[in-house]
Amino acid sequence: MAHHNGPRKKTRYKFKKALRRRGIAPVTSVIQQFDEGQKVHIVIDSSVQKGMPHRRFHGKTGTIVGRQGRAWVLSITDGDSVKTVVSRPQHLKPQKL
């Protein structure tokens, strides 16, 4: 049998977009700017494969730590441990206060 444990396994419904959100993402999602210490939600955009964080972090909220090229570095608590996630801005949404 073929190897079937890829990085996007079990994401058929998790990464599915709403009907009116399908297609190319708006440019404003690419040019978003964040401040260090700002809270952001990780909402993976399946139409953009570059800079996509692991599926385990979809729906989590993290804190911006810094930049890494075009991507942002986040700090996320996963259980008792603190993890670092690198993600492009298309997959991040600022937290509303």
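The values are calculated or read from the model by the stated rules, or taken from the named source; none is laboratory data. What you see is a predicted model; the values in this text were computed from it and never measured. We place every Cβ from the backbone using ideal geometry, glycine too, and count neighbours over all the protein chains shown.
Summary of computed values
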read-out: Qualifying positions in segment 75-89 - under 10 Å from the mean Cα position of the chain (by Cα) and surrounded by fewer than 19 Cβ atoms within 10 Å (Cβ to Cβ); value: 86
read-out: Looking only at segment 41-74, and only at residues there that are free of Cβ contacts under 8 Å to residues at least 24 places away in the same chain and loosely packed, with under 14 Cβ neighbours inside 10 Å, the one that is farthest from residue 29 (Cα to Cα); value: 56
read-out: Check on residue 48, modelled with pLDDT under 95 and within 15 Å of residue 93 (Cβ to Cβ); value: yes
read-out: Criterion: of a type in the set (Val, Ile, Thr), closer than 21 Å to residue 8 by Cα and not in a loop (DSSP other than H, G, I, E, B) - qualifying residue of 86, 65, 48, 40; value: 86
